[in-house]
C-alpha cells in the first residue's frame, strides 16, 4: 500500500536528452510537490500543485515542466538535461494547501552523464 | 545568510544516550516547525510537527520551539541504532502559498 510512489527509481541518461518522472499518491490529498535534493542533502522545493492548479513555482529553469493530469498525479518532464540536473527528485503530497504536513515518495535518483 | 541553519554533523553517540539536534532561523514569520527523518536512499518521513512556541513530546522524541530566540530543537531519549539517519528541520509561515524551508540536515549515527 504505497502512499506516494514514483517511477522510475533510478534514471541514468545522457546530456541533452528529455526525460519524465511520474508521481502518484493514493492518500486522497489535494496538494502535491516536487523537490530536488542535491548531493549535500539540501532539499529545495520546485513546484506545488493544489487540485491540479500550480500554486508554487520556484525559480527553476523552464526546461522543467510539471504536469498534473488529476489531483492524484504530478509528473515532471525535463528537457535538454544538463550535468547539474543530477540529483534525487522527491515527490510529496499534503492533505492541505498550507502544506504543513507532507508525505514524501521514495525519490528518483537522476544521473546525467 | 540562509533562512534556516543546521549543523550537518556527522554526530555519533553511543546507544542509550540523549541526542540533541538543533536549528536556527532568521524569518520571524515562521509559525510551523517540523522535523523529518531521512534514512539513506529513502524519502524524508515526518517525525514531529509543532505550531508556535513550546514543547511537544511523542514517545522518545521531544520537539522544542523557542520563537524568541529563533531556535528549535529535537531531543531523542534512549537513542537506538535504528535512529541512525539524517534529521532535517523544516519550517514555514502561516500563508497558504508559502513553501516549507528545510535545513540541510544533521547526519546522526548511534553506536551499538
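The values are calculated or read from the model by the stated rules, or taken from the named source; none is laboratory data. These numbers come from a predicted model, not from an experiment. Positions of Cβ are generated from backbone atoms using ideal geometry, with glycine treated the same way; all protein chains shown enter the neighbour counts.
A few remarks follow.
- Given (1) away from chain B (no Cβ under 14 Å); (2) surrounded by 14 or more Cβ atoms within 10 Å (Cβ to Cβ), index of the condition residue A:101 fails: (1)
- Look at (1) out of contact with any helix residue (DSSP H, G or I) (no Cβ under 8 Å at 6 or more places or on another chain); (2) assigned to a strand (DSSP E or B) and you find that residue B:108 fails only one, number (1).
- Filtered residues of segment B:1-23 (kept if in a loop (DSSP other than H, G, I, E, B) and modelled with pLDDT of 95 or more): B:15, B:16, B:17, B:18
- Scanning segment B:26-62 for residues that are touching a residue at least 60 places away in the same chain (Cβ under 8 Å), touching a strand residue (DSSP E or B) at 6+ places or on another chain (Cβ under 6 Å) and surrounded by fewer than 18 Cβ atoms within 10 Å (Cβ to Cβ) yields one hit, B:29.
- Any chance residue A:112 is surrounded by 16 or more Cβ atoms within 10 Å (Cβ to Cβ) and in contact with a helix residue (DSSP H, G or I) (Cβ under 9 Å, 6 or more places away or on another chain): yes
- Count of segment A:43-78 residues which are over 13 Å from the mean Cα position of the chain (by Cα), surrounded by fewer than 18 Cβ atoms within 10 Å (Cβ to Cβ) and within 10 Å of another protein chain (Cβ to nearest Cβ): 1
- Filter result for residue A:85 (more than 12 Å from the chain's Cα centre (by Cα), under 20 Å from residue B:4 (Cβ atoms), more than 9 Å from chain B (Cβ to nearest Cβ) and free of Cβ contacts under 8 Å to residues at least 60 places away in the same chain): no
- Of A:18, A:85, A:38, all but one fail to be surrounded by fewer than 21 Cβ atoms within 10 Å (Cβ to Cβ) and closer than 25 Å to residue B:47 by Cβ; the exception is A:38.
- Residues satisfying the stated conditions in segment B:63-110, i.e. within 16 Å of residue B:19 (Cβ to Cβ), more than 14 Å from chain A (Cβ to nearest Cβ) and either at pLDDT below 95 or buried (at least 16 other Cβ atoms within 10 Å of the Cβ) (or both): B:64, B:72, B:73, B:74, B:75, B:76, B:79, B:83, B:84, B:110
- Hey, residue A:17 out of contact with any strand residue (DSSP E or B) (no Cβ under 6 Å at 6 or more places or on another chain) and on the phi > 0 side of the Ramachandran plot or not: no
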